[in-house]
Amino acid sequence: MAYHVEYAEDRPLPQESMWALVVNDKPWVTLLCTPEKLDYLALGFLAGEGLISSLEDVATLEISDGVAGAGNAIMVGLCDGNKQLPSQRVVTSGCSGGVTFDLGEKLHPLNSHQVITPQQIYKLMQAMQRGTVEYRRTRGLHSAALANQESVLALAEDIGRHNALDKIWGECLAREIKTRNRLLLTSGRISSEMLRKAIKMRTPIVVSRTAPTDLSVQVARRLNVTIIGYVRGKRMRVYSGRQRVNASEVPTRVER
């Protein structure tokens, strides 16, 4: 069998850059991300940390792209100028990107009775994939989307799966898109950090092309979240919350 080698010096690559998130004039977090939808990224990250719950909590938001040697910065002024910030740290874009997870945080179960069919899941994942323009160009980005049962409502791409989800959350805050009782779609692994954000967004169904972690499934089963993983072609695996997946109306082979 012959090996295939491609010299890829001229291939397009995903962008990665470092941005300081400055809150109330205090440098707080350094984000490694794809420099698109940075305002949404900042809003979603702040929401995930519990610093804001709506756009009304934000007084100002400015983006400085390093002109005049100042460095890349996303500067956010909160309406509460005395808001206490957690200690400064670096959040990476890779698999360990969700270092902000608070194991002591109180999360409440989701009581949604939403139901979805395998056919709807498949069509929504297809719609997300069709919208990933930069992934098709570079083959190096994660994607995330918020959807209802019929269509994708918001979509984002980033080198980090956590960043992509934060961009979705931020866009929903900025555009006043309801996240409660929606679906979250992701191209990446569902970790406990990702699930935490889904719970805070009150989205009861989380769907991925890959498998979840064991801790995310444990948390999902305890807090009544449906995790659907390994959605590829017309196959999928339901790891928790099976009551929300209605496979009775379409030809389906159920494996146990």
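Looking across Tyr135, Tyr122, one residue alone is in the same structural domain as Lys234 (by TED's automatic domain parsing), more than 30 Å from Leu13 (Cβ to Cβ) and either outside any helix (DSSP H, G or I) or out of contact with any Gly (no Cβ under 7 Å at 6 or more places or on another chain) (or both). It is Tyr122. Among the residues of the range 160-178, the one identified as in a loop (DSSP other than H, G, I, E, B) and either crowded, with 21+ Cβ neighbours inside 10 Å or under 9 Å from the mean Cα position of the chain (by Cα) (or both) is Gly160. Scan the range 228-241 for residues that are farther than 12 Å from Pro118 by Cβ, at pLDDT 95 or above and either part of a loop (DSSP other than H, G, I, E, B) or out of contact with any Gly (no Cβ under 8 Å at 6 or more places or on another chain) (or both) and the total you get is 4.
Of all residue pairs spaced 6 or more apart or on separate chains, none has beta-carbon atoms under 9 Å together with a first member in the range 196-223 that is not assigned by TED's automatic domain parsing to the domain that holds His162 and a second member that is buried (at least 24 other Cβ atoms within 10 Å of the Cβ) and not in a loop (DSSP other than H, G, I, E, B).
Listed by first and then second residue, the pairs linking a residue in the range 155-181 that is farther than 18 Å from Ser53 by Cα and outside the structural domain of Val58 (by TED's automatic domain parsing) to a residue that is among the small types (Gly, Ala, Ser) and assigned to a helix (DSSP H, G or I), with Cβ atoms under 7 Å apart and 6 or more places separating them unless they lie on different chains, are Ala156/Ala164; Glu157/Ala164; Asp158/Ala164. Looking at the range 122-132, is at least one residue among the charged types (D, E, K, R) and within 11 Å of the chain's Cα centre (by Cα)? No, the conditions are met nowhere in the range 122-132. Tallying residues that are over 11 Å from the mean Cα position of the chain (by Cα), β-branched (Val, Ile, Thr) and crowded, with 24+ Cβ neighbours inside 10 Å within the range 184-206 yields 2.
The values are calculated or read from the model by the stated rules, or taken from the named source; none is laboratory data. On a predicted model such as this, the values are computed, not experimentally measured, just so you know. Ideal geometry is used to build each Cβ from the backbone, glycine not excepted, and the neighbour counts take in all protein chains shown.
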